[in-house]
Each structure stands twice: as structure tokens, then as C-alpha cells.
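Here's the structure, in C-alpha cells; my notes come after.
The values are calculated or read from the model by the stated rules, or taken from the named source; none is laboratory data. All figures in this text were calculated on a predicted structure; none of them were measured in a lab. Here Cβ is always computed from backbone atoms with ideal geometry, including for glycine, and neighbour counts include all displayed protein chains.
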Amino acid sequence: MVRVVIGDETHLNSVETHLSQSAISVQVGLAIGKLGGAKSNRNSVFALIPTPPNDGVDPTSLISENAESSRSGRVDKKKVSKGKSMADSSSLIIDVEWVGEHARQVSKMLVGGLHIVGIYVWAAENVFKNSSLMLWQAVQAIAGAAPVYADGEVDERILVHISYSPRRWSCRSCNLDSNFTSMSFRPCDLKMTKLLSTLQSFRSTYSFEVSDSFGLNVTSEVFHLSNSSCTCTWPCPLGLPLLQEDMQKTNHMKKVLLKAIALLAEQLKSAKASLDGNLINEDKVSIPGGPHEINFLLPFADVKSMHVGSSEEVVGLVVFSGTIFAQAYAFPRESLLQAVEDLKGDIITSLKSRLEILSDDAEEASTSLKSEEVNLHEDKSLLKQGDTLFSCNWSKECSFVFPRRVLVPWLDDIFICDYLQGKETFQDLHERCQELMSMKSLLDHSKILEPEESGSASIGMSFWGMTGGNSSSTCTKRNDDPGKTGKESRVVTFGSFHGAVALIIVVLAILIALIMLATGWR
């Protein structure tokens, strides 16, 4: 069956008009949209984002003949096949690794239900036909850098070709096989209509807490993430030696936190969802209007944990908790359960993106310090902020701040996201949006949403906790003062009020019974 790809006619036609009016002979970039997955035969493309030049200088793509001519000032006719013109033998040269890195960075800015569905190329028809292998490698690069999970891992991506000679659009589906063959690309039926205006918006504020124990082969540590901050203490009861290499420490800590996020993903799988007070337990289509608030409810107040061997081997514990904001988009005829799954996926990918940002900054700081031959333990002035994964002291308590999520208006009423940390401002946000998402106009600061700035009610409570019973689940609540850090946050235990009332009632009943016995009242 032929795949159907639906493109948003407003924005895709705008890209074609811009390219045709420019003097650009070739351009490669990312196609942003929605992959249907195994259960759907329909994929969507909302926008085409050009990949910026490598380091702001080297072009991402060029035509091979043009590259040779620009260097030598002439064309080597021996390299042109006999019986063919130079134009017929032209092919694309693409910086595949850079396209993959662009995909990795852009994937952090996409919320639930938005995917990097593939790549697009603006080139003449003959150049496109001569570049199948290079284009296949570029598709493989973006698939590896920005995996998509919808009904399981999606095993294909889309290749959109905008030809200016002759002038036409075409689309192909690319299998993510290990080897390139003549069947790696299959034609798709490309149609244009208005898409973005039909998308439905779903939001959720989710509070969570998971814990995990670790053995000697990991390290000895205790983590606690409160809202946007992570406090680390090192009890080291068995005298585990400290790691000496700074990046080794960073990678070690990253693995520990990734395990905690994996536990959260496992916990989130069993969470039930409710919309407008009603549990979502049927495969209904999404409802019009919005944005719609989705609440997640855990079936039991169970603290997930993994144990490593016997108790003697366990030397550390990670407690991972906090409150984050999730966003997802769905089509009107799309399953409501799929929108819920996209929200759950957005929670997990958002946490992974924040951790990856911290890891990237730690690596950049390490490289910068080494290049200037500065000892990290003596001079930390080159770090962007005082508390990072890189600067944590493994011998005593320390803390580092997780980036906070902000929502940025993108196309029509659709939002993408970015993460601000430390002393970053909206100007830093604008520069990233301009470079990665090709957003030319200045951001309207009044329309940028900061849902994680203020306190939020707990959504991730257990059913038992909601009824006022003995609950071990907690929700972290941000202090009303935005200037305070996560270390100054309060922790509220649900059910404590109900427990106090019950205790008072029991005490009063006992006192009344004693008085009745003492007075001989019958």
C-alpha cells in the first residue's frame, strides 16, 4: 500500500516561494511533522527547517561540480561521463554528521506529537536522482540522532524533494535498513491541505517520585530532584574511592540519572489519565477546542525500586522527584489514548533533554578548561554557572539546577519548547530559535509561556493518596518566591491533614469512653 503524506499547504508553499526567489541552487534541512506509526498509513509534514551552515561558515550541502569549479576555476572534463553533460553528472555533497546534529538539537525543542519525520532537499531533478546514496545516509543520520516512538519505534522516515528544474514536488518513504538498496526509497502520495489549524492541544502538569538503589559497580550516592534542582549527597559507607577524571564523573552521574528516568517511564506506563474528571479508558477520538488538561493518576502509592544483589552490595540510593509541564498535539480524528501516550512520552523526553543539556555544557566546560590549562578544582570561573554536573564535589553535599522549560509560539497557535538555565535570558532563547528553527522574526516575550515558574497542583497522586489514606507519595511544591532555588522548596505530604483529623477523633472517643466508665454512666 502506498504511503500518504499530507503537507501543510500554507507553510510548505511559503518555503517553495522563498527558495524560488533566492539564488540558492541546493538546500537540505529537516521536515517537521507527525509520523503515523505502524497503525496508520498517513504521515504529515508541517514545516521545513533548513540546516544552518556548520560553525556558521561551511555550507551543509553543495553540488559536486560547483564545488570543483569553485576551487580550481575550471571543470575537469575527464570526470564527466562519456555521452553525458556536466549537468547530468552533478550530484549532492551533504555534511551528514552536521544534519544529524541539527536533528538532535531540534528534537529537544519539539513537544509531544511533533516529530522530525525526515529531510527535504531543494535541487534540480537530475542532481536529486544522482544522489540517492548520499540522501539515504542523511536520512539514516537524522533517524539515529532523533528517534521517534509511536506504536513502537518507527522504522521509516520521509524524503521530500522540491525540484526547480522541472518545477514540482515529490515524496519518498525511506526504510531504515542497515544497507542501501534500490528498494530503500518508495514513492509516496503527497497531498497539500491546511493542517496546523486543525491540531488539538493537550497539557498536563505531572508530579513524580521514584527511587533506585545502586551497588558497588555504580557508585555511592543519594540524589534528590526537587522541582528544577537536584541535590546530591555522598554517604560512601564502604569507602568507595572517588573518581579522578571530571568527565568520567559526569558520564557516571548521567548514567545514574538516566536509570532514574527509566524507572519513572516504567511507573508512568501504569498511570491512568482523566479528562474533565472522567477516566480515559476507551479508544475515543480527540475532542475539539482546547487546550485540554489531562490528569495522570497512579494506581497505587508504590515506590519503584531496583535492587542490586544482597544488602551488603547496595551502597547508594537515588530519589528522583519533581513537577514538570508536558504538552502534546493531536489531530481531531486521532485517538485520545494516543494523545495521552504522546503526553507521557513528552514527560520522559523532556527530562532526558534537560539532562543532555547539562551533559553537553559539562563537556564544553571541560574542553574549555583543558584548552586553557586550568585546574577545575582550583578555578571554576569558566563555568557558565556555579553548580553543574561537572562541578559537583563527590566528597560532600552539592546541588545543581535542572533547566526550566518554556513554551515558545512557533507556527499559527502551535508551541515548541526550549530550556533556560542559570542566568540565561529570552535573548539566548531567541538566538537558539533563530539558528535551529530558522525563526526570523523577533519573539514576542509576552507570548512566551513559563509554566514551570510557579507552583502547580499535584497531578501524579496515587488513588490511595487522593482518598486520604496512608500515602508514601509526595509532591514537591515550589516556593512562592521565584528568587529562591529548589533547595528552599517545600515538600507537602498528601493525606497528613486527614490523618491528623482521624487521630483527634480516636483520642476524643477514648476520652469519652474513660469519662463514661469513671462516672458509672449507663
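Numerical summary
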item: Pairs, first in the same structural domain as K194 (by TED's automatic domain parsing) in the stretch 320-336, second crowded, with 23+ Cβ neighbours inside 10 Å and modelled with pLDDT of 90 or more, C-beta under 8 Å, six or more apart; result: none
item: Unmet requirement for Q27, which otherwise passes all of (1) touching a strand residue (DSSP E or B) at 6+ places or on another chain (Cβ under 9 Å); (2) of a type in the set (S, T, N, Q); (3) more than 24 Å from P187 (Cα to Cα); result: (3)
item: One residue from L19, L35 being touching a Phe, Trp or Tyr at 6+ places or on another chain (Cβ under 8 Å) and in contact (Cβ under 8 Å) with a residue 60 or more places away in the chain; result: L19
item: Residues of the stretch 423-442 satisfying the condition of being surrounded by 15 or more Cβ atoms within 10 Å (Cβ to Cβ) and at pLDDT below 90; result: E424
item: Residue match in the stretch 5-14 (condition: under 17 Å from I162 (Cα atoms), modelled with pLDDT of 85 or more, out of contact with any strand residue (DSSP E or B) (no Cβ under 8 Å at 6 or more places or on another chain) and in a helix (DSSP H, G or I)); result: yes
item: Criterion (of a type outside the set (A, V, I, L, M), more than 30 Å from N43 (Cα to Cα), modelled with pLDDT under 90 and touching a helix residue (DSSP H, G or I) at 6+ places or on another chain (Cβ under 6 Å)) met by exactly one of S359, S371; result: S359
item: Candidate set: the stretch 13-34, residues that are touching a Leu at 6+ places or on another chain (Cβ under 7 Å) and among the β-branched types (V, I, T); chosen: the one farthest from I414 (Cα to Cα); result: V26
item: Residues of the stretch 199-221 that turn out to be of a type in the set (D, E, K, R) and either at positive phi or at pLDDT below 50 (or both), as a count; result: 1
